[in-house]
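Please read the structure below before turning to the comments.
The values are calculated or read from the model by the stated rules, or taken from the named source; none is laboratory data. If you're wondering where the values come from, they're calculated on a predicted model, not measured in any experiment. Neighbour counts run over all protein chains shown; Cβ positions are idealised from the backbone, glycine included. For the accessible areas, the whole protein counts, side chains as well, though only heavy atoms, and no ligand, DNA or RNA atoms are used. Shrake-Rupley method; radii C 1.70, N 1.55, O 1.52, S 1.80 Å.
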Amino acid sequence: MVVPTNSVTVKELVEKVRLKVLQGEDYLDRPITTSDISRPALEFAGYFKHYPALRIQLLGITETSFAKDLTHEKMVKYMTKMCTPQTPCFVISTNLPIPAELKVAAKEARIPILGTHLTSSQILSNMTSFLLGRLAPRKSLHGVQVDINGVGVLITGDSGVGKSETALELVRRGHRLVADDRVEVYARDEQTLIGSAPAILEHLMEIRGIGIIDVATLYGTGAVMPNDKIDLIVHLETWTPDAKFDRLGDRGDTQTIQGVIIPKVSIPVKIGRNLAIIIESAAMNYRAETMGYDATETFDRNLNKLIKANSARDTKKKEQQ
């Protein structure tokens, strides 16, 4: 069977989500092309006008209990309709037995039946998470991604500005590399952006003057991550006298990628600046802000206190004159 490029096979699903093959082990090469999963309730009532045949069909306690009240003839009819050439597989949750009619129909259609001890809600969440990670549309970005104490940082900037060298220094300081040069990103949901390295560049970095280095080999497997969230974008810009950069941290710049809004800070690159420490501080400041602490607000409060104190002192001086 020819597998579409933007798909995974049932065999991969079995291995990654730890499902048991109850029937149809010879048909695990069937493609899964959507992360949506169907729980066929209306189909057991005979409604097939909008049957989502491309989806994995998940049967749990509710579906199998309802099926027990149907006649053998109806079950044969409905199961045959559900076993289309496009249907990738059936999954039975909670160690439930396979309906006899489904066994026959699936065998004739060469559709595998999988099982698990997990509840329908649990296995639905596991399968959806895996499939979203594999099937979501991806976008390739020029940049470097590192994880700084749990904060996923995407470093962007013009070629030659020092992104890779800065990331290498961050790795040396104990942080972890996700991707260098090219970052493959996808939206896991409306608020979460995930980045990873292309397979050909995994664990590798290009350092001008040295060439390609393997970070996992030089610094250990704890220095790399296969993928990570992107929480913050740090854009490196070459410093010029007339360029304006945020000095108080109150601009609130953002960048939208794959429909997800990500906070963004721009850092001027100038000889003598330690970019690794600056980016590390930016990541820690981001974490502090997510926990409710805002250094800009603290500065504003301190400034207001100082203004009030000076104003009161000036007023007192005038009264004494």
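Couple of notes before you dig in:
- Failed item in (1) over 20 Å from residue 13 (Cβ atoms); (2) outside any helix (DSSP H, G or I); (3) not β-branched (Val, Ile, Thr), with residue 77 passing the rest: (2)
- Check on residue 66, assigned to a loop (DSSP other than H, G, I, E, B), at negative phi and over 31 Å from the mean Cα position of the chain (by Cα): no
- Exactly one residue out of 87, 94, 128 is over 30 Å from residue 265 (Cα atoms), touching a Gly at 6+ places or on another chain (Cβ under 7 Å) and open to solvent by less than 70 Å² (accessible area, probe 1.4 Å): that is 94.
- Any hit, region 197-210, residues being open to solvent by 50 Å² or more (accessible area, probe 1.4 Å), part of a loop (DSSP other than H, G, I, E, B), without any contact (Cβ under 8 Å) to a residue 24 or more places away in the chain and of a type in the set (A, V, I, L, M, F, W, C): yes
- Test: residue 182 is charged (D, E, K, R), open to solvent by 20 Å² or more (accessible area, probe 1.4 Å) and farther than 17 Å from residue 224 by Cα: no
- Residue count for region 201-226 under the criterion of being closer than 22 Å to residue 131 by Cα and of a type in the set (A, V, I, L, M, F, W, C): the result is 1.
- Checking the stated criteria, residue 58 turns out not to satisfy the condition of being open to solvent by 30 Å² or more (accessible area, probe 1.4 Å), outside any helix (DSSP H, G or I) and within 28 Å of residue 133 (Cα to Cα).
- Residues in region 214-241 that are without any contact (Cβ under 8 Å) to a residue 12 or more places away in the chain and either part of a strand (DSSP E or B) or not hydroxyl-bearing (Ser, Thr, Tyr) (or both) were compared, and the one that is least open to solvent (accessible area, probe 1.4 Å) is 220.
- Reported count of residues in region 1-15, each being at pLDDT 95 or above, open to solvent by 20 Å² or more (accessible area, probe 1.4 Å), of a type outside the set (S, T, N, Q) and closer than 21 Å to residue 138 by Cβ, is 1.
- Taken over region 264-284, the criterion of being open to solvent by 60 Å² or more (accessible area, probe 1.4 Å) and not charged (D, E, K, R) is satisfied by 271, 272, 274, 277, 281, 284.
- Residue match in region 23-45 (condition: in a helix (DSSP H, G or I), open to solvent by 20 Å² or more (accessible area, probe 1.4 Å), more than 16 Å from residue 106 (Cα to Cα) and out of contact with any Leu (no Cβ under 7 Å at 6 or more places or on another chain)): yes
- Pair list, Cβ < 7 Å and 6+ apart or interchain, from region 154-172 residues that are at pLDDT 95 or above to residues that are surrounded by fewer than 24 Cβ atoms within 10 Å (Cβ to Cβ) and of a type in the set (Asp, Glu): 170/280
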